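Reading through the structure tokens given below for one structure.
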Amino acid sequence: MQSKGTHKNAVNDSKPKRVTDLLQEGFDSFSRSQKAIARYIIDHLEETAYLSAEELARKGNTSSSTVVRFAQSLGFSGYPDLQKATRDEHRLGAASRPVVHDDQLLFLVEEDNLTRALRTDILSLEETLAKNTLGRFNQAVEMISTARQLMLVGMNEASIVVRHAAYLFDLLGFASQLVVDSSEANVARLVRLTPEDAVVAVGFRRAHPQTISFLEKAGASKVRTVAITDNSLSEIAGKASVTLYADIDSTFFAHSLVGPLSLVTALAAATYAQDRDACDARIKLVREHVGESGWLR
């Protein structure tokens with residue numbers, strides 16, 4: 001086992017060691033339980049950053065006290081310190097991975113803030129595509145396109161995604177209800193849903209309790225449900241008929257929503273493709289009603 005000075009010494013270096021470097025360097029000296037924890041962290045860096053000690057212990061088939069002692073053996077003050085370092089490594093590491101190669105560009109660019117942000121978003125789109133299967137995606141499209149009405153649920157940053165979804169599906173002529181708060185009116189709308197309707201809920205990491213509640217109640221009423229989240233350990237991942245995944249990784253202070261926004265756009269595009277003539281007719285009606293404003297021209 002490594003001494004408790006490992007991380008402190010790493011911090012004192014000009015370039016601190018990454019958590020994965022510490023784990024890989026000391027792997028051969030770890031006990032069997034520690035190796036299981038280390039392997040899970042290395043293979044699931046993003047998910048680990050948001051797991052509690054108890055959750056990580058279950059993944060490694062060990063105890064939470066073993067996880068805490070392991071973090072301390074690496075030189076961290078405790079598990080929260082290790083968790084923070086893991087989260088920082090994941091967010092900062094995304095920008096260093098080659099997403100767009102120089103020989104694929106028409107010009108060379110420096111790694112400034114603009115380049116880093118956009119390259120990270122390109123990576124998010126690639127990860128979003130890789131996380132979903134066409135079968136699950138088509139199943140979600142079928143649920144949405146055949147629904148009598150849609151309820152779109154998202155709180156906090158997820159509200160940006162569902163507002164975009166509401167705009168797209170309203171434009172296609174779908175009856176949709178936007179839920180971005182926990183008002184009694186929204187709860188009343190949920191109660192009135194039937195199995196012919198569909199709920200699309202968006203939430204990331206530790207999803208908002210209201211989003212979880214809406215999904216659970218909709219499922220109990222046999223309403224079709226689609227969840228959009230960022231990983232399989234999200235609290236809404238297992239509560240929907242179909243779960244789609246969108247990467248929200250960012251190198252800055254806020255999550256990137258390029259992945260979930262693009263996924264919602266793809267759902268709307270696939271719905272439109274199922275009956276282009278009907279959708280075009282609905283869009284034409286909208287344009288006729290707002291002709292003077294010119295906002296759709």
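The values are calculated or read from the model by the stated rules, or taken from the named source; none is laboratory data. In this text the structure is predicted, and so the values were computed from the model without any measurement. All Cβ positions, even for glycine, are placed from backbone atoms using ideal geometry, and neighbour counts span all protein chains on display. With ligands, DNA and RNA removed, areas are computed over all heavy atoms of the protein, side chains included. Shrake-Rupley method; radii C 1.70, N 1.55, O 1.52, S 1.80 Å.
Just a few scattered comments:
- Legend: calculated FRET efficiency, F253 to I122, from the Cβ-Cβ distance at R0 = 25 Å, rounded to 0.05, equals 0.80.
- FRET efficiency for the pair L171 and R87, taken as 1/(1 + (r/R0)^6) with r the Cβ-Cβ distance and R0 = 45 Å, rounds to 0.75.
- All C-alpha pair distances within the range 18-86, sorted into 10 Å bins from zero, spread as 23, 67, 10 percent across the bins.
- The range 29-92: relative contact order in percent, alpha carbon pairs under 8 Å with at least 6 residues between: 35 percent
- Positive contributions from Lys and Arg (+1) and negative ones from Asp and Glu (-1), summed over other residues with Cβ under 13 Å from the Cβ of V180, come out at 0.
- Measuring nothing but how far apart in sequence close Cα pairs (under 8 Å, 6+ apart) lie, relative to its length, the range 174-268 scores a relative contact order of 21 percent.
- Per-residue SASA entry for H289, accessible area with 1.4 Å probe, Å² rounded to 10: 150 Å²
- The calculated FRET efficiency for Q274 paired with L129, based on their beta-carbon distance and R0 = 25 Å, is about 0.75.
- Stokes-Einstein, applied to the Kirkwood radius of the range 139-215 over Cα pairs at a viscosity of 1.002 mPa s and 20 °C, places its translational diffusion at 171 µm² s⁻¹.
- Residue-normalised convex hull volume from the C-alpha trace of the range 191-297: 160 Å³ per residue.
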